[in-house]
Amino acid sequence: MKRIFLDWASTAPPLSLAVEAQKKAAIELFGNPSSLHGEGRGAKAALEAARSLLAQAAGAQPEEVVFTSGATEANNMVVASILKKQFADPTAKPGRRVVISAIEHASLWEPVQAMKKMGFDVAVCKPDASGIVRPERLRELLDERTVLVVLMLVNNETGAIQPVAECVAAVRDFTGEKGGRIHVHTDAVQAFGKIWFSFPESGADTASLSAHKLGGPRGAGALLVSSKARPAWLFLGGGQEGNRRPGTENLAAVHAFAQSARFRIESLDANHARAVRLMERLIRAARSIPGVLVLPEDRAETGDRRFSPYILSFAVPPVPGEVFVRSLDEQGIAVSTGSACHSSKKDHTRILEAQGVPKAVADSAVRVSIGPETVESEIDAFAAALSETVPLLLRISKPRA
Ligand code: PMP
C-alpha cells in the first residue's frame with residue numbers, strides 16, 4: 001500500500017533536484033570556501049552564487065543572508081545576540097523587556113523562557129480567537145525597556161498568517177515616539193516558498209528560514225539580517241559568513257537549499273492556487289463528519305486568506321490526538337499532533353490554548369499539512385479514512401473527567 005504523507009509542516013519529502021544538487025556539490029565542490037587555491041575559490045564562488053539565489057528568493061540582498069544549520073539555530077542566534085548585548089554592556093539596565101507572541105515555535109519560545117530566568121521581563125502577546133496576533137494588542141505591550149519583539153509569519157499548527165508588517169509598523173511607530181530601536185524577529189519557516197514572502201516588505205530586522213520545509217536538505221537554513229539591524233554575534237571563530245556565523249560552511253547543503261528555494265518560488269503561485277483548492281476540499285470533508293471540529297472554528301471553507309492553505313488543525317474531542325495519529329498511521333496516512341518539535345509533553349497544547357481552545361479540545365488536536373506534490377486522491381483517501389475512523393474512535397473514547 002502506498003503511504004500518504006500529510007505532515008509536510010514537519011518536513012517535506014526531498015526534491016530530487018535538491019538531492020542531486022547536494023550530491024554533485026559534495027563531490028565536485030569539496031574545497032573549503034576559505035582556501036585560496038582553485039578548489040577553495042570554486043567552492044567560494046558556489047557559496048556566493050547560492051547566497052545570491054537565496055537572497056533573490058526572499059527579496060533580500062545577498063549580504064543580508066547568513067547561512068545556518070537550520071531555523072532553530074537562526075532563531076537562537078537572535079536571542080543570543082540580545083543576551084550578548086545585555087551582558088557585554090555594563091551600563092545596560094536590568095529588566096529589559098522581550099515581547100513574544102504566545103504561538104511561537106519551541107525554538108523561540110524556549111530560548112525566550114531562558115531569558116526570563118536570566119532577568120528579562122518577558123511579555124507574552126496572546127492571539128485572538130482565530131490565532132492571529134493583533135497589532136494594537138502587541139503595541140500595548142511595548143515599553144521603553146523593550147529590546148526584542150518576536151512574531152512568526154505562519155503558525156506551524158494552525159496555519160494562521162500573522163500581520164508581521166503591521167506589527168513592525170506599530171513597533172516603529174512606538175520607537176519613533178520614544179526613540180531607541182527595538183529588534184523585530186520573524187520566524188518565516190512555514191511561509192517561505194509557500195506563501196508570498198518578501199524580507200524587506202516584512203520590515204523585520206531578522207527572519208529565519210529552513211531548507212527542509214521546502215524539500216531541501218536537513219541541517220541547512222538561513223538568518224536574514226537587515227542592513228539596518230545591529231546584532232551582536234555570539235560565536236567566534238574563523239570569520240565565515242561575515243563574522244556572523246563562523247565555521248566551515250556546509251556548502252553542499254546550502255547549494256541544495258538555494259536550488260530548492262528557487263524551484264519553489266518559481267512555482268509558488270501555481271502551487272498556492274492548487275493548495276487552496278485542496279485545502280477547501282479537506283475542510284469541507286472534515287466539517288461534514290459529525291464530531292470533527294476545525295480549529296479555529298471560524299476558519300472559512302473557501303477564500304479564507306487569513307490562513308496558509310498548507311496547514312489545517314482539527315480535533316475530535318474526546319479522542320486524544322495521539323490515538324488519532326496512530327490509527328491513521330496504521331491505515332498508511334501520516335499526520336501529526338501539532339508540531340513535531342514540542343520540547344515537552346506539557347507544552348504540546350500551548351498554541352491552541354493561547355487562542356482560547358479548551359484544553360480538552362486542544363488535547364485532541366491533529367494537524368494535517370500538505371505540500372506542492374500533494375494530490376486530490378490523497379485528500380480523498382484521507383477524508384474516507386477520517387469518516388470511518390471518527391465514529392469508531394468516538395465510540396471507544398471516554399470523555400475526560
Ligand atoms: N520554526 C518553525 C515555525 C518550524 O515549523 C520549525 C520546524 N519544525 C522550526 C522553526 C525549526 O526549523 P529547523 O528544523 O530548521 O531547525
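The values are calculated or read from the model by the stated rules, or taken from the named source; none is laboratory data. Predicted model, so just to flag it, every value in this text is computed and none were measured. Methodologically, a virtual Cβ is constructed for each residue, glycine included, from the backbone with ideal geometry; neighbour enumeration extends over all protein chains shown.
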Pairs needed: first member in the stretch 323-337, more than 18 Å from residue 157 (Cα to Cα); second member anywhere, among the polar types (S, T, N, Q) and assigned to a helix (DSSP H, G or I); C-beta distance under 6 Å; at least 6 residues apart or different chains. 327/389
Residues in the stretch 295-307: is at least one within 14 Å of residue 383 (Cα to Cα), modelled with pLDDT of 95 or more and not charged (D, E, K, R)? no
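Counting only residues that are part of a loop (DSSP other than H, G, I, E, B) and farther than 30 Å from residue 214 by Cα, how many does the stretch 138-178 have? If you could, list the steps in order and put the result at the bottom.
Step one: of the stretch 138-178, the residues part of a loop (DSSP other than H, G, I, E, B) are 141-145, 151-153, 155-159, 162-163.
Still in the running and farther than 30 Å from residue 214 by Cα: 141-145.
Residues meeting the conditions: 5.
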Could you grab the pairs with beta carbons closer than 9 Å, sequence gap of 6+ or different chains, first residue in the stretch 93-121 and at positive phi, second one part of a helix (DSSP H, G or I) and more than 14 Å from the ligand (Cβ to nearest atom)? 119/86
Being closer than 19 Å to residue 200 by Cα and within 16 Å of the ligand (Cβ to nearest atom) is the filter here; which residues of the stretch 144-176 pass it? 150, 151, 152, 153, 154, 161, 162, 164
Give the stretch 224-248 a look and list any residue that's touching a strand residue (DSSP E or B) at 6+ places or on another chain (Cβ under 8 Å) and touching a residue at least 60 places away in the same chain (Cβ under 8 Å), or say none. 224, 225, 226, 231, 241, 242, 244, 245
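Go through the stretch 284-314 residue by residue and tally those that are more than 22 Å from the chain's Cα centre (by Cα) and either among the polar types (S, T, N, Q) or not in a loop (DSSP other than H, G, I, E, B) (or both). Even if it seems obvious, please write down each step before you answer.
Of the stretch 284-314, the ones more than 22 Å from the chain's Cα centre (by Cα) are 284-293, 297-298, 300-303.
Going one step further and asking which of them are either among the polar types (S, T, N, Q) or not in a loop (DSSP other than H, G, I, E, B) (or both), we end up with 284-288, 293, 302.
Looking only at that region, the number is 7.
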